[in-house]
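Reviewing the structure listed below.
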């Protein structure tokens, strides 16, 4: 496995001024940006990086240098940062250095395209050869693909750090997972946010998004709302551990309760979210998420918990109650199919992923709609591994085949925003936050069965 940790540069002068940065190199780290980069370096301090790649633009390069100096203080003999032009920020030459508000006013139609269909944004550029078309987002995705194709074969089985920008980081994550350029705005990258990707091999082979946009090290519990946010924020949590998770026994719809560790994970999730204003809470009707939600809501006594059957775990049918070795014996080859082509597997006397998709997405969309109509701002949703992974595919416009691209640790928190309301595209602000569970940057919760 090749582990790649992607971080965005610290806060820059143009960030605070709300200017479009693109490839201009006038923007420098602010004092907060430098301090956050130092905190980030400390958070990464126990990880040995065989290579560090940075954008050549000074806001990223300076962030990489601060991180590297912190790694050296921690006596980690880390690689020296090396510059890659493939990590340059998105090229927006007609907008660069302008205030966002001025771009919205002066280029109103192009700005609308940028927000609604970013892959279709077109700029006409003049050079010595004449006028040519430039599609900023499509060009960025191609640049990201080239970075992966150049870099991954050189570092098989190693751990890499990439220091980039909001745009290129999104393109790197999207090209790794197969998220289309039309969904460019569907994932967020905060200043000094940490994302972890695990590659089985090269680009196009199996890859797992272990976590997305962790910001806790800078003191930001959850990523901040985007300016102009109008809709609901949903905090999607996986239930705490059960004894069957620990034994890697398939649970499905057998109603196994939390074990002591699971209750402790729920308590830690509750402490993590205690200062977040939660307006409503919904759980799968099964015991383990219900108990997890009730423990979290001890910090929010006025919130009443609703239960929804649509969020229940996948029915594994005849696999339920069995260990992997027992399933392999009774249903030879089916576990391997489940791991490699999950959308094709019909659980014997149980469900397939399409059935889980239909009921869980219907439940999810009804939650978003109802919250919007009631003008509720933040909701807690507690469900299961397979349910959550299916919902994450839906949120990012991916088919059920991408089910295994997402990790969901017991007690982990993901953050999904609807900045334009229920009819607009959702934004995955953060995914699989497990810092409150004591593992640091990496998810140390047991992989467990579903």
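Considering only residues of segment 26-45 that are outside any loop (DSSP other than H, G, I, E, B) and in contact with a strand residue (DSSP E or B) (Cβ under 8 Å, 6 or more places away or on another chain), which is farthest from residue 6 (Cα to Cα)?
Going residue by residue through segment 26-45, those that are outside any loop (DSSP other than H, G, I, E, B) are 29, 31-43.
Subset that is in contact with a strand residue (DSSP E or B) (Cβ under 8 Å, 6 or more places away or on another chain): 29, 33, 37, 40, 43.
On the way: 29: 18, 33: 17, 37: 13, 40: 12, 43: 13 Å.
Across segment 26-45, the extreme among qualifying residues is 29.
From 424, 409, grab the single residue that is in contact (Cβ under 8 Å) with a residue 60 or more places away in the chain and either under 24 Å from residue 285 (Cβ atoms) or outside the structural domain of residue 337 (by TED's automatic domain parsing) (or both). It would help to see each step written out before you state the result.
Details: 424 fails: either under 24 Å from residue 285 (Cβ atoms) or outside the structural domain of residue 337 (by TED's automatic domain parsing) (or both).
Step by step, each of 424, 409 is checked, and only 409 is in contact (Cβ under 8 Å) with a residue 60 or more places away in the chain and either under 24 Å from residue 285 (Cβ atoms) or outside the structural domain of residue 337 (by TED's automatic domain parsing) (or both).
For segment 86-102, name all the residues that are under 15 Å from residue 170 (Cβ atoms), assigned to a helix (DSSP H, G or I) and out of contact with any strand residue (DSSP E or B) (no Cβ under 8 Å at 6 or more places or on another chain). Walk me through how you get there before you give the answer.
Filtering segment 86-102 down to residues under 15 Å from residue 170 (Cβ atoms) leaves 86-92.
If we keep only those that are assigned to a helix (DSSP H, G or I) as well, we get 86-87.
Scanning segment 86-102 gives a single hit, 86.
Does residue 417 satisfy being at pLDDT 95 or above, within 21 Å of residue 319 (Cα to Cα) and crowded, with 16+ Cβ neighbours inside 10 Å? Reasoning before the result, please.
Numbers: at pLDDT 95 or above: yes; within 21 Å of residue 319 (Cα to Cα): no; crowded, with 16+ Cβ neighbours inside 10 Å: yes.
Against the criterion (at pLDDT 95 or above, within 21 Å of residue 319 (Cα to Cα) and crowded, with 16+ Cβ neighbours inside 10 Å), residue 417 does not qualify.
Return the residue satisfying two criteria in turn: it lies in segment 308-317 and is out of contact with any strand residue (DSSP E or B) (no Cβ under 6 Å at 6 or more places or on another chain) and surrounded by 15 or more Cβ atoms within 10 Å (Cβ to Cβ), and of such residues it is farthest from residue 343 (Cα to Cα). Spell out how you get there, then give the answer.
Within segment 308-317, the first condition is being out of contact with any strand residue (DSSP E or B) (no Cβ under 6 Å at 6 or more places or on another chain), and the residues that meet it are 309-310, 313-317.
Subset that is surrounded by 15 or more Cβ atoms within 10 Å (Cβ to Cβ): 310, 313-317.
Numbers: 310: 19, 313: 16, 314: 12, 315: 14, 316: 14, 317: 16 Å.
Taking the candidates together, the pick is 310.
Hey, among 87, 57, which residue is surrounded by 14 or more Cβ atoms within 10 Å (Cβ to Cβ) and out of contact with any helix residue (DSSP H, G or I) (no Cβ under 6 Å at 6 or more places or on another chain)? Give the derivation first.
Working: 87 fails: out of contact with any helix residue (DSSP H, G or I) (no Cβ under 6 Å at 6 or more places or on another chain).
57 is the lone residue from the list that is surrounded by 14 or more Cβ atoms within 10 Å (Cβ to Cβ) and out of contact with any helix residue (DSSP H, G or I) (no Cβ under 6 Å at 6 or more places or on another chain).
Could you check how many residues of segment 103-126 are touching a strand residue (DSSP E or B) at 6+ places or on another chain (Cβ under 6 Å) and surrounded by 15 or more Cβ atoms within 10 Å (Cβ to Cβ)?
Qualifying residue count for the region: 1.
Which condition does residue 392 not pass, out of (1) assigned to a helix (DSSP H, G or I); (2) within 18 Å of the chain's Cα centre (by Cα); (3) modelled with pLDDT under 95, if it passes all the others?
The number of the failed condition is (3).
Residue 96 versus (1) in contact (Cβ under 8 Å) with a residue 40 or more places away in the chain; (2) under 25 Å from the mean Cα position of the chain (by Cα); (3) surrounded by 14 or more Cβ atoms within 10 Å (Cβ to Cβ): which is the lone unmet condition?
With respect to (1) in contact (Cβ under 8 Å) with a residue 40 or more places away in the chain; (2) under 25 Å from the mean Cα position of the chain (by Cα); (3) surrounded by 14 or more Cβ atoms within 10 Å (Cβ to Cβ), residue 96 is out only on (2).
Condition check ((1) over 21 Å from residue 417 (Cα atoms); (2) crowded, with 18+ Cβ neighbours inside 10 Å; (3) at pLDDT 95 or above) across all residues:
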site: 290; (1), (2), (3): yes, yes, yes
site: 331; (1), (2), (3): yes, no, no
site: 347; (1), (2), (3): yes, yes, no
site: 357; (1), (2), (3): no, yes, yes
site: 360; (1), (2), (3): no, yes, yes
site: 368; (1), (2), (3): no, yes, yes
site: 378; (1), (2), (3): no, yes, yes
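Could you please tell me which pairs satisfy a Cβ distance under 9 Å, a separation of 6+ or placement on different chains, a first residue in segment 356-380 that is not assigned by TED's automatic domain parsing to the domain that holds residue 302, and a second residue that is assigned to a strand (DSSP E or B) and surrounded by fewer than 20 Cβ atoms within 10 Å (Cβ to Cβ)?
Going by the 9 Å Cβ cut-off, there are no qualifying pairs.
May I ask you to list the residues in segment 349-364 that are over 23 Å from residue 297 (Cβ atoms) and assigned to a helix (DSSP H, G or I)? It would help to see each step written out before you state the result.
Residues of segment 349-364 over 23 Å from residue 297 (Cβ atoms): 349-359, 361-362.
Selection gives 353, 354, 355, 356, 357, 358, 359, 361, 362.
Is it the case, given these coordinates, that residue 402 is free of Cβ contacts under 8 Å to residues at least 40 places away in the same chain, surrounded by fewer than 22 Cβ atoms within 10 Å (Cβ to Cβ) and in the same structural domain as residue 248 (by TED's automatic domain parsing)?
Working: free of Cβ contacts under 8 Å to residues at least 40 places away in the same chain: no; surrounded by fewer than 22 Cβ atoms within 10 Å (Cβ to Cβ): yes; in the same structural domain as residue 248 (by TED's automatic domain parsing): yes.
It is false that residue 402 is free of Cβ contacts under 8 Å to residues at least 40 places away in the same chain, surrounded by fewer than 22 Cβ atoms within 10 Å (Cβ to Cβ) and in the same structural domain as residue 248 (by TED's automatic domain parsing).
If you scan segment 188-205, which residues turn out to be surrounded by fewer than 24 Cβ atoms within 10 Å (Cβ to Cβ) and touching a helix residue (DSSP H, G or I) at 6+ places or on another chain (Cβ under 7 Å)?
197, 199, 202, 203
Using the structure shown, decide if residue 214 is surrounded by 14 or more Cβ atoms within 10 Å (Cβ to Cβ), touching a helix residue (DSSP H, G or I) at 6+ places or on another chain (Cβ under 9 Å), touching a residue at least 40 places away in the same chain (Cβ under 8 Å) and closer than 23 Å to residue 95 by Cβ.
Working: surrounded by 14 or more Cβ atoms within 10 Å (Cβ to Cβ): yes; touching a helix residue (DSSP H, G or I) at 6+ places or on another chain (Cβ under 9 Å): yes; touching a residue at least 40 places away in the same chain (Cβ under 8 Å): yes; closer than 23 Å to residue 95 by Cβ: no.
Judged against the criteria, residue 214 is not a match.
Just one of (1) touching a residue at least 60 places away in the same chain (Cβ under 8 Å); (2) touching a helix residue (DSSP H, G or I) at 6+ places or on another chain (Cβ under 9 Å) trips up residue 257, so point out which.
Here residue 257 clears every test but (1).
Can you confirm whether residue 69 is at pLDDT below 95, surrounded by 21 or more Cβ atoms within 10 Å (Cβ to Cβ), over 25 Å from the mean Cα position of the chain (by Cα) and assigned by TED's automatic domain parsing to the domain that holds residue 172?
Spelling it out, it is not the case that residue 69 is at pLDDT below 95, surrounded by 21 or more Cβ atoms within 10 Å (Cβ to Cβ), over 25 Å from the mean Cα position of the chain (by Cα) and assigned by TED's automatic domain parsing to the domain that holds residue 172.
Quick check on residue 129: is it surrounded by fewer than 14 Cβ atoms within 10 Å (Cβ to Cβ), under 24 Å from residue 12 (Cβ atoms) and without any contact (Cβ under 8 Å) to a residue 60 or more places away in the chain?
Details: surrounded by fewer than 14 Cβ atoms within 10 Å (Cβ to Cβ): yes; under 24 Å from residue 12 (Cβ atoms): no; without any contact (Cβ under 8 Å) to a residue 60 or more places away in the chain: yes.
Judged against the criteria, residue 129 is not a match.
The values are calculated or read from the model by the stated rules, or taken from the named source; none is laboratory data. Keep in mind that what you see is a predicted model, and the values were worked out from it rather than measured. Glycine gets a Cβ as well: all are built from the backbone with ideal geometry, and neighbour counts include every protein chain shown.
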